[in-house]
Amino acid sequence: MTGIALIGLQWGDEGKGKVSAYFSREARLVVRFNGGANAGHTVKLLNRVYRLHIIPAGALTAGRAAVGPGVYVDLELLSRELEEVKEARNGFRLYLSPKAHVVLPIHKHLDGELEKKRPGSAIGTTRRGIGPAAMDKHARLGVRVEDLTMDEQLLKERIKQMIKIHNITWNNLDNIVEKLTSYTHALADTLDDVGLRIRREMEGGGKIVFEGAQGTLLDIDHGTYPYVTSSTTLASAAASGSGVGVKHINKVIGVAKAYATRVGSGPFPTEITGETAELIRGYGGEYGATTGRPRRIGWLDLPLLRYAANLNDAEKIVLTRIDTLECVEKIKVCVCYEVDGRRVEEAQVTSYELMKAQPIYVELGGWRGKVKNWSRVAEEGYGALPREARRYIEFIEEEVGVEISHVSTGPEVGDMVER
Ligand code: IMP
């Protein structure tokens, strides 16, 4: 039995959607277990680009997907995505956990209000209501998918209580309840015990892909707090967020981009601005898949990558965007930090450390103009990569101590070099 967790090792946007679609080709089921519509997983399949937020991107190749109890679900968006994926993939089946929490319009409103109330220290959230939905979940006020099947009057009372506790006024409550009920009808035949389904599939020898959202450095406990998301983004969440025991996650593959990006506020030790940052942003189309915001750009940060790989017990790494990095002449990599005169090889990710971290770089030669056709490189294999790109990959591998098993050479699902 194989349960593969695909986990972002940076600040999200590592290309997990495409990587998941690649690994899900022979999977029985692909599962989302954390986050919500704050995620935007982009994948190009047969020349068409899909941008999914709640249904895992691997759905397009696996043909069957589950949304586990750890996900914050925007039902309107989920209903729309279900139609889109059904159109793209004949016979597509979705399984939605009744335990998943629902993101209400109130949560989206509160997300914006909370951000406004902290000028100077706003998180830069995606405003998809994830933080407030998580607040209500942990305050034991939340509405779960299963609650939507209850009496409408009772549901209205529950939401009224939530509004009262948040001390806000909300005029069109009837409208919220009406809409929720209509989405619930549309999704009724998807409700399922996701954990049980995964166990059955795995007992039958099936491969399951757990598609992580966001990245390790946005984890609520282990990320760059408070500039983090409201979910656990680590491999360990794949079990609880899906409803299976930890033995079901028997392979962890980290996904890392060949450079670094971040959307939203917060520390970013290797951030660069100016011409090179503009070049990479433009060449790589580095704009948020959910909000369209320009992503902040930086060099690969090995102290953070070591931290993330270790925290997740990543067995292997898939390195993405090696094609994008061809736009620069010379490539810098941060090999360690200097903090108060101390050399730090593996970051601890405390605010204190990241505020003081002075990145120490090495510079490696780039591969500008050396590849005419990246898809052909993927077909021909690792040896077809330019010598400088192989040197870069092997340097990262040696420095982090984790095998780079795959290198992504483009947005299409098949643009992948397996070593
Ligand atoms: P929230 O998850 O919308 O509350 O946003 C919290 C922080 O996480 C912000 O900096 C967001 O930009 C960031 N974030 C949330 N989801 C993603 C994602 O899927 N990719 C990249 N950044 C994300």
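The values are calculated or read from the model by the stated rules, or taken from the named source; none is laboratory data. Given the structure is predicted, the values throughout are model-derived calculations rather than measurements. Cβ placement follows ideal geometry from the backbone for every residue including glycine, while neighbour counts extend to all protein chains displayed. Heads up: the accessible areas ignore ligands, DNA and RNA and are worked out on the full protein's heavy atoms, side chains in. Shrake-Rupley method; radii C 1.70, N 1.55, O 1.52, S 1.80 Å.
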Exercise. Any chance you could check the Cα centroid distance between region 333-411 and region 1-58 for me, in angstrom?
Key: 22 Å
Quiz item: Can you tell me the accessible area per residue over region 209-291, all protein chains present, probe 1.4 angstrom, in square angstrom?
Solution: 34 Å²
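Grab the beta carbon distance between Ile168 and Arg118, set R0 = 22 Å, and tell me the FRET efficiency rounded to 0.05.
Numbers: r = 17 Å, r/R0 = 0.78.
For R0 = 22 Å, the calculated efficiency reads 0.80.
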Quiz item: Could you give the nm distance between label points at Ile360 and Arg80, where each point is 7 Å from its Cα heading toward the beta carbon?
Solution: 5.0 nm
Quiz item: Hey, if you put +1 on the Cβ of every Lys and Arg and -1 on every Asp and Glu Cβ in region 101-186, which of Val102, Asn175, Met135 ends up farthest toward the positive end of that dipole?
Solution: Met135
Exercise. Quick one: dipole size for region 72-146, taken about the Cα centre, charges +1 on Lys/Arg Cβ and -1 on Asp/Glu Cβ, in debye to the nearest 20.
Key: 260 debye
Quiz item: Out of Ser242, Ser231, Ser351, any idea which swings most in a Gaussian network model of the chain, alpha carbons joined below 10 Å?
Solution: Ser351
Quiz item: Can you pull the percent of region 256-418's accessible area that's carbon plus sulfur, 1.4 Å probe, other chains left in place?
Solution: 44 percent
Exercise. Just need the relative contact order of the chain here, percent rounded to a whole number, with Cα pairs under 8 Å and 6+ apart.
Key: 20 percent
Self-check item: Farthest positive-ward along the chain dipole, Cα basis, beta-carbon charges - from Cys334, Gly381, Val344
Solution: Gly381
Quiz item: So which lysines pass the test for Lys372, namely a Cα distance under 23 Å, with those fewer than 8 places away in the same chain ruled out?
Solution: Lys18, Lys44, Lys257, Lys330
Practice problem: Please sort 128-136, 109-117, 411-419 by packing, taking for each peptide the average over its residues of neighbouring beta carbons within 10 angstrom, highest first. | Solution: 128-136, 411-419, 109-117
Quiz item: What's the long-distance tail for the chain, i.e. % of Cα pairs beyond 30 Å?
Solution: 41 percent
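Using a simple charge model, +1 on the beta-carbon of Lys and Arg, -1 on the beta-carbon of Asp and Glu, nothing else, what dipole does region 101-186 show about its Cα centre, in debye to the nearest 20?
420 debye
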Quiz item: With the radius of gyration and the Kirkwood radius both derived from the Cα set of region 218-285, what is their ratio Rg to Rh?
Solution: 1.09
Practice problem: Averaging sequence separations of C-alpha pairs under 8 Å and six or more residues apart, then dividing by the length of region 182-329, give the relative contact order as a whole percent. | Solution: 23 percent
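Roughly how large, in nm² to one decimal, is the mean projection of the convex hull of the alpha-carbon atoms in region 114-164?
Mean orientational projected area (region 114-164, Cα hull): 4.3 nm².
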Quiz prompt | Probe 1.4 Å, accessible area per residue of region 101-186, Å² | solution = 55 Å²
Exercise. Any chance you could get the radius of gyration and Dmax over the Cα atoms of region 101-186, in Å?
Key: 13.3, 43
Quiz prompt | Sequence-distant residues sharing a close amide H with Ile404 (under 5 Å, placed H) | solution = Ile317
Quiz item: Given charges of +1 on the Cβ of Lys and Arg and -1 on the Cβ of Asp and Glu, with all other atoms neutral, how large is the dipole of the chain about its Cα centre, in debye to the nearest 20?
Solution: 360 debye
Quiz item: Helix-derived [θ] at 222 nm for the chain: sum -39500 (n - 2.57) over DSSP H runs of at least 4, divide by residue count, nearest 500?
Solution: -9500 deg cm²/dmol
Quiz item: Which FRET efficiency, nearest 0.05, do Cys327 and Arg140 yield, Cβ-Cβ r, R0 35 Å?
Solution: 0.10
Quiz item: So, in nm, how far is label Thr181 from label Leu154 when the simple model puts each one 7 Å beyond its Cα toward the Cβ?
Solution: 1.5 nm
Quiz item: For region 14-126, what is the convex hull (Cα atoms) projected area averaged across all directions, in square nanometres?
Solution: 7.9 nm²
Practice problem: Can you work out the PRE-style zone for Glu315? Point 7 Å along Cα to Cβ, and I want the residues of region 246-278 with backbone N under 13 Å. | Solution: 247-254
